[in-house]
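Bear in mind that the values in this text are calculations on the coordinates, not laboratory data. Nothing here was measured: the structure is a model prediction, and the numbers come from that model. As a convention, Cβ positions derive from the backbone with ideal geometry for all residues, glycine included, and neighbour counts pool all protein chains shown.
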Amino acid sequence: MKIIICGAGQVGWQIARQLSGENNDVTIIDSKSELVKLASETLNVNGVVGFASYPDILESAGARNSDMIIAATHSDEVNMVICQIAHSVFEIPRKIARLRAKSYLTAIYSDLYRRDHMPIDVVISPEREVAKAALQRLQVPSAFETEYFLDGGAQMIGIVLDETCSVLNTPLRQLSELFSTLRALVIGVRRNGELFVPSPSDQLFLGDQVYIFSHIDDIPRTMEIFGKISKKREKIIIIGGGNVGLNVAKELELKADKIRVKVIEKDLRIAELAADALEKTIVLHGDGLDLDLLQEANVQSADAILSVTDDDKTNLLVATQARAAGCQITISLINDPDMIGLMEPLGISAFVNPRASTVSSILRHIRHGRVRTVFSIGDGEAEVIEAQVMSSSPIAGKEIKEIEFPEGVIVGGLKKDTEIIKPMGNTKINQGDVITIFSLAKDVPAVEALLQVSIDFF
């Protein structure tokens, strides 16, 4: 595919890196020459310096024969103009835009993005994606990464194994025998910085970061087996009352469980807006780094603190202070991937990465085949891909053991009609089934080929 990416920021960079690594013809446009130069020298991409909303710049980037354009600049309006020009002037078939402003995302204005109005095929909202990710972290606070699949019937969780894990030094084959009714599967292990798909003979060791795919009903039992005790969350503090914090607080208000939420916001105007928008939540005006204010909010008795300001350092420091004050679960929003390594030394339970959330949303619309969901693992190290199996797919009608999956690929779950099952070697994959596959980045093209719809389908 020939793809143009507008914006060489963190999201544009990550998308360019992944797509160029899969032998796509990628061109990246940015007004900052240093970012374009860095991308051209570091990645296998073409670089164009200029404003992506200018038709001549798009033309020089090869827009006339491009298959897709991704508008991921910092300006909503620029992204919208890019998509309009891409459609009206260059007839680019697929247009994806990142939009932040809430007004652009309101459902009653959805007609705006029709082909005869503002022709955007896919709208990505970072704030909405991040709020969703933050809520998922709160639901399973002992997991550093989590995502739902198969229409909410299954969940992938990433946990760090400590001395409380009862299955350390146990081969995975034996684990399956011990808990034969458990609908959960270890799909990935990160050890000493390296991510791999484990074999049945592999053991789990202290300090391993383990990715587990589980039926939603078996999550509590799975967490217990791996030494993570789930505690009901009743008191939550959110630092930052902007779009992300506000969306999370609103969602928590809607839950049937009686969850008491407090929001701390430094900016008076934003705090007042949050207070007006929330009904049950207490909004405090002040600095989340102020220990006296944290104590006033009873941080020591809070079940979890979620720090989602627009400053990574503030989020890390708030979480550290909260942990020192007695809060057991601390979750931080981290934009800079270099800071993720500070999580463990600072004792931070989990993090939310806006870039990863946005990238996952975009990849879902890029992958070949009948793909429904894509979740990017770590720094683009792997993907969890959910797709519907078509009649023309090479895996349709075969048992899992008959399929030549690459070494870095494993089937995590399968949905047949309404039933979600744990995949075994003799499980037959049929047309219409929904399959979830964990794949290391290098093997994603091979997975796409297995899910590929043949040309005669169209």
Distance in Å, no decimals, from the C-alpha centre of the stretch 121-191 to the one of the stretch 335-408 is 12 Å
Rh by Kirkwood over Cα pairs, then Stokes-Einstein D for the stretch 1-102 at 1.567 mPa s and 4 °C, µm²/s
100 µm²/s
What residues qualify as long-range amide H neighbours of Ile264, i.e. H under 5 Å apart, gap of 5 or more or another chain, H built at 1.01 Å from N?
Ile238, Ile239, Gly240, Leu284
If you put +1 on each Lys and Arg Cβ and -1 on each Asp and Glu Cβ, how big is the dipole of the stretch 235-352 around its Cα centre, in Debye rounded to 20?
440 debye
From the backbone phi of the stretch 189-198, what are the Karplus-calculated ³J(HN,Hα) couplings (6.51 cos²θ - 1.76 cosθ + 1.60, θ = phi - 60°) in whole Hz, Gly and Pro given as x?
9, 10, 9, 6, x, 10, 9, 8, 8, x
Can you find, among Leu206, Gly240, Ala396, the residue sitting farthest towards the positive end of the charge dipole of the chain, where Lys and Arg contribute +1 and Asp and Glu -1 at Cβ?
Ala396
Residue-wise, which Karplus ³J(HN,Hα) couplings in Hz belong to the stretch 213-223, taking 6.51 cos²θ - 1.76 cosθ + 1.60, θ = phi - 60°, and x for glycine or proline?
9, 9, 4, 4, 6, 9, 4, x, 5, 4, 4
With a ≥ b ≥ c from the Cα gyration tensor eigenvalues, square-rooted, and the rule rounded for a/c under 1.5, otherwise prolate when a/b > b/c and oblate otherwise, the stretch 274-327 is oblate
Regarding the chain, what whole-number volume in Å³ per residue does the convex hull of its Cα atoms give?
154 Å³
In the chain, once you exclude exposed trypsin sites (Lys or Arg not before Pro) (DSSP loop, at most 14 other Cβ within 10 angstrom), what's the longest stretch remaining?
281-458
Taking Lys401 as the anchor, which lysines have their alpha carbon closer than 29 Å to its alpha carbon, excluding any fewer than eight residues away along the same chain?
Lys415, Lys416, Lys422, Lys428, Lys442
If I take every Cα pair under 8 Å that is 6 or more residues apart in the stretch 357-457, average their sequence separation and divide by the length, what percent do I get for the relative contact order?
33 percent
At 37 °C and 0.692 mPa s, what whole-number value in µm²/s does Stokes-Einstein give for the translational diffusion of the stretch 357-457, with Rh from the Kirkwood sum over Cα pairs?
242 µm²/s
Taking the Cα centre of the chain as origin, work out the dipole magnitude from +1 charges on Lys and Arg Cβ and -1 charges on Asp and Glu Cβ, in debye rounded to 20.
740 debye
Is the C-alpha gyration tensor of the stretch 218-315 telling us rounded, prolate or oblate? Criteria: a/c under 1.5 is rounded; beyond that, a/b larger than b/c is prolate, otherwise oblate.
prolate
Counting each DSSP H run of 4 or more residues in the chain as -39500 (n - 2.57), what helix-only mean residue ellipticity at 222 nm follows after dividing by all residues, to the nearest 500 deg cm²/dmol?
-8500 deg cm²/dmol
What does the convex hull of the Cα atoms come to per residue for the stretch 130-225, in Å³?
100 Å³
Remind me, relative contact order of the chain in percent, using alpha carbon pairs under 8 angstrom and six or more residues apart?
11 percent
